[in-house]
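The structure appears below as C-alpha cells.
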Amino acid sequence: MSRILLLSDIHANLAALDAVLVDADTKGTIDEVWSLGDAVGYGPRPNECLERLRALNAIAVAGNHELAAVGSISSLDFNPYAAAAVEWTGNVLTSESRAYIDSMPTTEIRDDFTLVHGSPRDPVWEYLRGHDVAKDNLGLLETLHCVNGHTHMPVAINAASQEHTERGRGPSEVIELTDGRWFVNPGSVGQPRDMDSRASYAVIESGDMTVSFYRAEYPIRETQQQMEAIGLPLMLIQRLELGR
Ligand code: ZN
C-alpha cells in the first residue's frame, strides 16, 4: 500500500506549496506525489514550483495554464487577469521549466486512477462540477477512479451511485473510495475558491482505498508581496486572502 499526495492548481504559489509539503509530512510518509495540473499561472514563483515537483519525482499532468504558458494552446480563452499572468509566466519560464512542461501528458494512468486536470472527456478544459458531469465522463474513464483539478474545489463524487454524492469539503474528512467509481479533486494548493483561504490538498491511501482532505495555513502575505513586486493583477492578489 502506498500514500499518495494529491496536489492540484498550485498556481505558482510557492509559500502555499511549501506549507502543504510540511503539513503533509506531519501526517505520515508520502510515497508518491501526483500533480493534477496548473502548477503555474496566476502566481509569482512558477519555476520554483516546477522545481519542487521535479525534485519530488511527481507524476504531473499538464493543465490549461501550463499549456498556455509554453504556447501550446492559445490564451485567448483566458479571462484578462489569467491571460496577463500567463503572459508574464511564459516570459519568465526557464528552459528547464519549459522542457518539464513539454514532457507532461494531459492524461496519465496509475493503477486504479486516471490523472487529468479537467476531465477524462476534455483533460485540459472541462470543469468536472457535480454528479451529472461525472456521470457523463464515466464511459470515457478507462480506470476505476479519476483524480482531477481545475475547479479549485475539494470534492469527491461517486459517479456510479444513484444518489448525488458530493463530499470532501470538510477539513480532515476521510472518504472510502469503495462501492462506486469516484472522481476526486483535492482542491487548489495555491488559489482556493471555496471561501477558505488555506491551501487545500488530499492524501490517497491505496491500500484501504481512502482519501483524506486537508487544509494548511500558509503566509498569504508573502505570496501577495511577491505578486505586487512583479505587478501581477490586483484582483489575483486580493482573491488569495478571500479564498475565492
Ligand atoms: Zn487552476
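Please go through region 8-18 and give me each residue that is away from the ligand (no atom under 12 Å from the Cβ) and surrounded by 24 or more Cβ atoms within 10 Å (Cβ to Cβ), ordered by number.
16, 17 - these are the residues of region 8-18 that are away from the ligand (no atom under 12 Å from the Cβ) and surrounded by 24 or more Cβ atoms within 10 Å (Cβ to Cβ).
Can you name every residue in region 68-84 that is within 20 Å of residue 35 (Cα to Cα) and open to solvent by 70 Å² or more (accessible area, probe 1.4 Å)?
Residue satisfying the conditions is 72 alone.
Identify the residue in region 224-244 that is without any contact (Cβ under 8 Å) to a residue 40 or more places away in the chain and of a type in the set (A, V, I, L, M, F, W, C) and, among all such residues, is surrounded by the fewest Cβ atoms within 10 Å (Cβ to Cβ).
Across region 224-244, the extreme among qualifying residues is 234.
From the list 221, 198, 193, pick out the single residue that is open to solvent by 30 Å² or more (accessible area, probe 1.4 Å), of a type outside the set (Gly, Ala, Ser) and touching a strand residue (DSSP E or B) at 6+ places or on another chain (Cβ under 8 Å).
198
Among (1) within 14 Å of the ligand (Cβ to nearest atom); (2) of a type in the set (A, V, I, L, M, F, W, C); (3) in a loop (DSSP other than H, G, I, E, B), which single condition is residue 30 missing?
Tallying (1) within 14 Å of the ligand (Cβ to nearest atom); (2) of a type in the set (A, V, I, L, M, F, W, C); (3) in a loop (DSSP other than H, G, I, E, B), residue 30 fails exactly one: (1).
Give just the number: which of (1) within 15 Å of the ligand (Cβ to nearest atom); (2) over 25 Å from residue 21 (Cβ atoms); (3) in a loop (DSSP other than H, G, I, E, B) does residue 81 not satisfy?
(3)
Out of 213, 183, 113, which single residue is more than 16 Å from the ligand (Cβ to nearest atom), in contact with a Pro (Cβ under 6 Å, 6 or more places away or on another chain) and within 24 Å of residue 27 (Cα to Cα)?
213
Give me the pairs: first residue in region 75-98 and farther than 17 Å from residue 235 by Cα, second residue open to solvent by 20 Å² or more (accessible area, probe 1.4 Å) and not in a helix (DSSP H, G or I), beta-carbon distance under 6 Å, and six or more apart or on different chains, which are they?
Final answer for the pair search is 98/70.
Being in a helix (DSSP H, G or I) and open to solvent by 10 Å² or more (accessible area, probe 1.4 Å) is the filter; apply it to region 39-67 and report the residue that is nearest to the ligand (Cβ to nearest atom).
67
Do any residues in region 42-65 that are touching a residue at least 40 places away in the same chain (Cβ under 8 Å) and on the phi < 0 side of the Ramachandran plot have Cβ atoms under 6 Å from those of residues that are away from the ligand (no atom under 15 Å from the Cβ) and among the small types (Gly, Ala, Ser), where the two are at least six apart or on different chains, and which pairs are they?
From region 42-65, the pairs are 47/97; 50/97.
The values are calculated or read from the model by the stated rules, or taken from the named source; none is laboratory data. Remember, it's a predicted structure, so these values are computed and weren't measured experimentally. Because the Cβ atoms are built from the backbone with ideal geometry, glycine has one as well, and the counts that use them run over all protein chains shown. Keep in mind that these areas ignore ligands, DNA and RNA; they rest on the heavy atoms of the full protein, side chains included. Shrake-Rupley method; radii C 1.70, N 1.55, O 1.52, S 1.80 Å.
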